[in-house]
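This report refers to the structure that appears directly beneath it.
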Amino acid sequence: MKILKISYINFRNLKDKNINLSPGINLFVGKNGQGKTSIAEAMYFAATGKSFRTSKYSEIIKYNRLKSGCYIEYQDNLSDKSLSIKFNLEKKIYIYNKKNISYEDYYGKLNVVSFIPEDIELIVGSPSVRRRFFNSEISQSNENYFYNIRQYNKLLKLRNKYLKSRNLKDDMYHIYEQEFIKYGSLIIQKRVEYVKNISILLNLNYRKLFDDKKELNLNYSCFLGDIKKLELHEIQKKFKESIIKNYNREMKYGYSFVGPQKDDFVFFLNEKEAKSFSSQGEKKSIVFSLKLAELDMILKEKRENPVFIIDDLSSYFDKIRKDNIINFLVRRNIQVMITSTEKFKINSKNFNVCEGDVCYEDN
Ligand SMILES: Nc1ncnc2c1ncn2[C@@H]1O[C@H](COP(=O)(O)OP(=O)(O)O)[C@@H](O)[C@H]1O
Ligand SMILES: [Mg+2]
């Protein structure tokens, strides 16, 4: 998939523009505070309907303006398409090929993978950061998972309401509980499969790019314990048992102690947990390898490369790692958007970012 064009209005500090992009590497260079992350964010936002910086749309609107929007034309294996979002403080409109659609239909149309400095949180942050990440990544190429997560979250809310009111005698509660187990188990089953596949790719990428003497592993830590070899009906059974076991606790505190909203994903480098034992440089390399593995997973599921957006490559890695990464990307048939404070000697379409103005630079 390739983004051919992007335009935006009142997006952060960016001056309204219409930009043609190269299907290869696009490089956005500028000093700090000029709008590099904003242009990367605009591309990610138009593609996914989400920002990688904030969950609040209101922060994106240029100061002292009332509405904002962006529009992209892109290409997949089949044809040229367009996506756009228009929003103000009250309303968001999602448009695909000039027709209004729901956010649920918008998400997943154009696949992108982003890599931003804050992604280090995927290693050092709380489990909720990793759950959010894996949920959106699996959802990106798997509509069923996206649906199951949404159903599950609704049921979790309902279940917590029942637990809070201690009203478990209601017939509806038992119907909801069955559904809760059903969707929860489907989520667990998909997470097992996804982690198994991505873990192999993760290790391959890490060794290829950063250190061929280390072994990188990703482990799915499910609230049910070791369920890797279980069939769906066995997961459901264990889930039910866990609900029975936690009955007193859940009634006492009035919310759910069980369910995949308690899961975590743990990285191990040479069998040591990366969060506690890996160096800063290793952590960054792990996250980058994870993003490359994600590209591979999307390619596998969708049979097309997603667009890769890398924010602030220059400040994130040392020279050797940077060169390895650039060489690796140049060899792949993938569209890449890189922002950086310095230029690289590569074959790329170059843009200068200055005071929010993004300008094509003829080299
Ligand atoms: N909603 C907004 N409206 C206008 N300016 C904004 C908005 N949000 C952030 N900014 C400003 O945009 C500028 C550029 O930010 P950013 O894209 O992060 O720069 P860079 O990545 O080049 O360092 C910053 O000075 C920031 O304060
Ligand atoms: Mg930045």
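So the values come out like this:
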read-out	value
Condition met for residue 14 (more than 21 Å from the chain's Cα centre (by Cα), open to solvent by less than 10 Å² (accessible area, probe 1.4 Å) and within 10 Å of ligand 1 (Cβ to nearest atom))	yes
Sole residue being more than 16 Å from ligand 2 (Cβ to nearest atom) and either outside the structural domain of residue 137 (by TED's automatic domain parsing) or not in a helix (DSSP H, G or I) (or both), chosen from 5, 31	5
Selection count, region 154-175, where residues are within 12 Å of residue 256 (Cβ to Cβ), touching a helix residue (DSSP H, G or I) at 6+ places or on another chain (Cβ under 8 Å) and touching a residue at least 24 places away in the same chain (Cβ under 8 Å)	4
Per-region count, region 276-315, residues surrounded by fewer than 21 Cβ atoms within 10 Å (Cβ to Cβ), part of a helix (DSSP H, G or I) and within 16 Å of ligand 1 (Cβ to nearest atom)	2
Pairs where the first residue, in region 43-65, is in the same structural domain as residue 358 (by TED's automatic domain parsing) and the second is hydroxyl-bearing (Ser, Thr, Tyr) and within 12 Å of ligand 1 (Cβ to nearest atom), C-beta under 6 Å, 6+ apart	45/51; 60/68; 61/68
Residue ID - farthest from ligand 1 (Cβ to nearest atom), chosen from residues in region 327-354 that are closer than 20 Å to residue 43 by Cα and open to solvent by 10 Å² or more (accessible area, probe 1.4 Å)	333
Test for residue 238: is it assigned to a helix (DSSP H, G or I) and surrounded by 16 or more Cβ atoms within 10 Å (Cβ to Cβ)	yes
Count - residues of region 307-363 that are among the aliphatic types (A, V, I, L, M), within 16 Å of ligand 2 (Cβ to nearest atom) and farther than 17 Å from residue 284 by Cβ	3
Hey, residue 134 of a type outside the set (S, T, N, Q) and open to solvent by less than 30 Å² (accessible area, probe 1.4 Å) or not	yes
Count - residues of region 60-79 that are open to solvent by 40 Å² or more (accessible area, probe 1.4 Å) and under 21 Å from residue 104 (Cα atoms)	3
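Okay, residues lined up against (1) within 18 Å of residue 350 (Cβ to Cβ); (2) buried (at least 21 other Cβ atoms within 10 Å of the Cβ); (3) within 14 Å of ligand 1 (Cβ to nearest atom):
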{"position": "26", "(1), (2), (3)": "yes, yes, no"}
{"position": "45", "(1), (2), (3)": "no, yes, yes"}
{"position": "52", "(1), (2), (3)": "no, no, yes"}
{"position": "55", "(1), (2), (3)": "no, no, no"}
{"position": "58", "(1), (2), (3)": "no, no, yes"}
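This table checks each residue for (1) in the same structural domain as residue 159 (by TED's automatic domain parsing); (2) within 22 Å of the chain's Cα centre (by Cα); (3) open to solvent by less than 50 Å² (accessible area, probe 1.4 Å).
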site: 183; (1), (2), (3): yes, yes, yes
site: 188; (1), (2), (3): yes, yes, yes
site: 208; (1), (2), (3): yes, no, no
site: 212; (1), (2), (3): yes, no, no
site: 222; (1), (2), (3): yes, yes, yes
site: 225; (1), (2), (3): yes, no, yes
site: 228; (1), (2), (3): yes, no, no
site: 231; (1), (2), (3): yes, no, no
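One line per residue, one yes/no per condition, for (1) under 30 Å from residue 272 (Cβ atoms); (2) assigned by TED's automatic domain parsing to the domain that holds residue 299; (3) at pLDDT below 95; (4) surrounded by 14 or more Cβ atoms within 10 Å (Cβ to Cβ):
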site	(1), (2), (3), (4)
152	no, yes, no, yes
168	no, yes, yes, yes
174	no, yes, yes, no
177	no, yes, yes, yes
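The values are calculated or read from the model by the stated rules, or taken from the named source; none is laboratory data. Here the structure is a predicted model, which means the values were calculated and not measured. FYI the Cβ positions are ideal-geometry reconstructions off the backbone, even for glycines, and counts take in every protein chain you see. Note: areas computed on protein heavy atoms with side chains; ligands, DNA, RNA excluded. Shrake-Rupley method; radii C 1.70, N 1.55, O 1.52, S 1.80 Å.
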